[in-house]
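No lab work stands behind these numbers, since they all come straight from the coordinates. Please read these numbers as outputs of a predicted model, since none were measured by experiment. Cβ placement follows ideal geometry from the backbone for every residue including glycine, while neighbour counts extend to all protein chains displayed.
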Amino acid sequence: MKKKLISIFVFLCAIIPAFGEILAEGKTKIVRPYPEDPTLAIFESKDDITAFNGLKHDAFQGKGEFANQTTCNVFRLLADCGIPLAFRKQLDSHHFLGEMCQMIPYEVVVRREAHGSYLTRHPSIEKETVFPKLVVEFFLKTRNLEGMGVPIPRHDPLFQLTDSGGELFLPETPIEGQKPYLILSDFPLKDRPALFEEIALMAKQTFLILEKAWQLENARLVDFKVEFGINSSGKLVLADVIDNDCWRVVQNGQYIDKQIFRDGGAIDKVAELYKYVTAATGRFTLPCNQLILWRESESDHVLK
Ligand code: C5P
């Protein structure tokens, strides 16, 4: 018995430092080192829920668990589909293991329908207008960005790469007739412009996979936000998390994601939806369909 207690104590001593030191902490997650491999890190989801850049904040029991489980469900499906990911494996209810990446400071939004900030930028477009070709937008994450050489007067702008440089636009102002409020000559990925294309392609492929997964749950994925990083081998990977905070999903005419929280829904209702989405994403699997190609023989075309 005494021996057993000692070994439990030794085990706890070995893992507690790993859960102690913090590499980074955001509004909803904490990143800690993974002692066995410095190229990996442990990602923990917190019970916090925020909106409008942290201006609205709340928390509910279970949020961290739902967020971690949803992210792991989503990344498992994406891994099965061959999307290059920073995600490695789920560790427990609140943690997953992922690659340490140099994060690329753009939020990449993909849209199948017009919702949210798109409507304010395009006031003539009706809500829920379907885009037959996916729309991809880049928003520059300016909050922790240094070395740009100029102060950024308005954070997290819409970013457009042009021959003149990186053009910044107000995301909540009609885009038609709007002149860029700043043109950056230096911006992230300036020296690797091909990566913009690569990121857009990977974001669209990811969207198509999750759109199908949600269709099988009788719901519409209408938009999402993803982030990318460069891992220790120099490879572009889909990083960060994809949970119920990062997308809009419509089922029976209602949002079942964070939009309910943004719109002032009761926190109990929000918690119920997050629980529902955790269960739904738990059913995300790669369908084992067979594709049968049936071809006539050449002789069938010979008319006698
Ligand atoms: O607000 P907007 O329409 O631009 O959001 C597009 C998508 O990006 C939504 O699914 C939203 O949940 C997500 N998003 C996010 N984090 C942000 C901004 C938007 O996950 N900071």
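Miscellaneous remarks
- Relative exposure of 110, 150, judged by other C-beta atoms within 10 Å (fewest first): 150, 110
- Normalised by 2.2 N^0.38 Å, where N counts its residues, the alpha-carbon radius of gyration of the stretch 131-285 equals 1.19.
- Inter-part distance where the stretch 261-286 and the stretch 74-134 are each reduced to a Cα centre, Å: 17 Å
- For the residues 40, 291, 201, a GNM of the chain with alpha-carbon springs under 10 Å puts the largest fluctuation on 291.
- Counting only Cα atoms, the size of the stretch 106-188 along its three principal axes is 39, 24, 22 Å, in decreasing order.
- Restricting the calculation to alpha carbons of the chain gives Rg and Dmax of 22.2, 92 angstrom.
- Local electrostatic count, residue 97, Cβ distance below 12 Å [Lys/Arg +1, Asp/Glu -1]: -2
- Local electrostatic count, residue 34, Cβ distance below 14 Å [Lys/Arg +1, Asp/Glu -1]: -3
- Calculated FRET value between residue 88 and residue 186, using beta carbons and R₀ = 25 Å, to 0.05: 0.15
- Exposure rule at most 10 other beta-carbon atoms within 10 Å, DSSP loop chymotrypsin sites (Phe, Trp or Tyr not before Pro): the chain longest free segment: 53-293
- Residues considered: 278, 70, 28. Largest GNM mean-square fluctuation over the chain, using C-alpha springs under 10 Å, is found at 28.
- Phi-based couplings in Hz for the stretch 21-31 (Karplus 6.51, -1.76, 1.60; Gly and Pro marked x): 5, 10, 8, 7, 9, x, 5, 10, 8, 10, 10
- Distance in nm between pseudo-label sites at residue 124 and residue 288 (7 Å out along the Cβ direction from Cα): 5.2 nm
- DSSP-assigned coil residues among GluC sites (Glu not before Pro) in the stretch 30-72, each with at most 15 further Cβ atoms within 10 Å: 36
- Shown in residue order for the stretch 213-229 are the 3J(HN,Hα) couplings computed by the Karplus curve 6.51 cos²θ - 1.76 cosθ + 1.60 at θ = phi - 60°: 4, 6, 4, 5, 9, 6, 9, 10, 7, 9, 7, 7, 10, 10, 10, 10, x Hz (x for Gly and Pro).
- Rounded to whole Hz, the Karplus (6.51, -1.76, 1.60) HN-Hα couplings of the stretch 167-181, x for glycine and proline: 8, 10, 10, 5, x, 10, 9, x, 7, 5, x, 7, 8, x, 7
- Extension gain, residue 198-residue 179: 0.36 nm per intervening residue step, less the Cα-Cα distance, totals 4.1 nm.
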